[in-house]
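Chemist: Attaching a single structure in structure tokens format; questions to follow.
The values are calculated or read from the model by the stated rules, or taken from the named source; none is laboratory data. The model shown is predicted, which means the values in this text are computed figures rather than measured ones. Cβ: placed from backbone, ideal geometry, glycine included. Neighbour counts: every protein chain shown. The accessibility values were calculated without ligands, DNA or RNA, using every heavy atom of the protein model including side chains. Shrake-Rupley method; radii C 1.70, N 1.55, O 1.52, S 1.80 Å.
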Amino acid sequence: MINEFKAFINKGNVLDLAVALILGTAFGAIIKSLVDDIIMPPVGKLIGGVDFKALTIDLGGATINYGNFINTIITFLIVAFALFLIIRAYRRMRPPTPAEVATKECPYCLSTIPLGATRCPNCTSQLTSA
């Protein structure tokens, strides 16, 4: 069982996932600061000086902090948009995947024939299976 666990930990996918989790957490903290410290103050000022963090409903001992909920929704939307832009840029930068080859060239008449052909339909030459 210990050997299986070592093999599991040593797989590249586990390490990639750990790095992604750490980077995602740090990225989330940056976005939270962006929303709380840069975006929400001007938005609150534009709609009459409202501080979203102060928006609550008092239920006699319990409060519903819907202002924090609004901040969380805005944070989520910004993170989703940022990830969308990153993935879009990544897809544009990577080379296109090559198409699967389905044909080959006849070595005798140089015509294009199906990959699995054993005899050329054009010159009728017997093809070696190489």
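Chemist: Relative contact order for the chain: what percent, with Cα pairs under 8 Å and sequence separation of 6 or more?
Modeler: 11
Chemist: How large is the Kirkwood hydrodynamic radius of the chain, counting all unique pairs of alpha carbons, in Å?
Modeler: 21.4
Chemist: OK, next. Kindly write out, for the stretch 101-106 in residue order, the coupling ³J(HN,Hα) from the Karplus curve 6.51 cos²θ - 1.76 cosθ + 1.60 (θ = phi - 60°), rounded to whole Hz, with x marking Gly and Pro.
Modeler: After applying 6.51 cos²θ - 1.76 cosθ + 1.60, I find 6, 10, 10, 9, 9, 5 Hz.
Chemist: Run the dipole for the chain about the Cα centre, Lys and Arg Cβ at +1, Asp and Glu Cβ at -1, nothing else charged, and hand back the magnitude in debye, nearest 20.
Modeler: Computed charge dipole of the chain: roughly 440 debye.
Chemist: Further, regarding this structure: Show me, for the stretch 80-96, the HN-Hα J-couplings you get by feeding each phi into the Karplus relation (A = 6.51, B = -1.76, C = 1.60, θ = phi - 60°), rounded to Hz, glycine and proline as x.
Modeler: Rounded to whole hertz, the list is 4, 5, 5, 5, 4, 5, 5, 5, 4, 5, 4, 5, 6, 7, 6, x, x.
Chemist: Hey, another quick one. Search the structure for amide H atoms under 5 Å from the amide H of LYS104, placed 1.01 Å from N in the peptide plane, and list their residues when 5 or more places away or on another chain.
Modeler: ILE113, LEU115
Chemist: What percentages, rounded to whole numbers, describe P(r) for the stretch 11-83 computed over all alpha carbon pairs with 10 Å bin width beginning at zero?
Modeler: Reading upward from the zero bin: 18, 36, 26, 14, 6, 1.
Chemist: How large is ³J(HN,Hα) for each residue in the stretch 34-41, as worked out from phi by the Karplus curve 6.51 cos²θ - 1.76 cosθ + 1.60 (θ = phi - 60°), to whole Hz, x for Gly and Pro?
Modeler: For the stretch 34-41, the Karplus-derived couplings read 4, 5, 5, 9, 10, 7, 5, x Hz, x marking Gly and Pro.
Chemist: Next question, about the same structure. Please compute the Cα-Cα pair-distance distribution of the stretch 54-96 with 5 Å bins starting at 0, giving whole percents from short to long.
Modeler: 6, 20, 13, 14, 10, 9, 9, 7, 5, 4, 2, 1, 0
Chemist: Could you pull out every one of the lysines with an alpha carbon less than 18 Å from that of LYS45, ignoring same-chain neighbours closer than 8 positions?
Modeler: LYS53
Chemist: Treating the stretch 75-127 as a set of equal point scatterers at the Cα positions, no solvent, please give the Debye-formula log₁₀ I(q)/I(0) at q = 0.23, 0.26 Å⁻¹.
Modeler: The calculated log intensity ratios at q = 0.23, 0.26 Å⁻¹ are -0.82, -0.92.
Chemist: Ranked highest first by the average count of other Cβ atoms within 10 Å around their residues, in what order do 113-119, 32-38, 96-102 fall?
Modeler: 32-38, 113-119, 96-102
Chemist: Over the stretch 62-115, average the accessible area per residue using a 1.4 Å probe and give it in Å², no decimals.
Modeler: Per-residue value: 83 Å².
Chemist: Can you give the calculated 222 nm mean residue ellipticity of the chain, where each DSSP H run of n ≥ 4 adds -39,500 (n - 2.57) and the sum is split over every residue, rounded to the nearest 500 deg cm²/dmol?
Modeler: Computed mean residue ellipticity for the chain: -17000 deg cm²/dmol.
Chemist: Ignoring any ligand, DNA or RNA, what whole percent of the accessible area of the stretch 31-74 comes from carbon and sulfur when the probe is 1.4 angstrom?
Modeler: Using a 1.4 Å probe with all protein chains present, the stretch 31-74 comes out at 66 percent carbon and sulfur.
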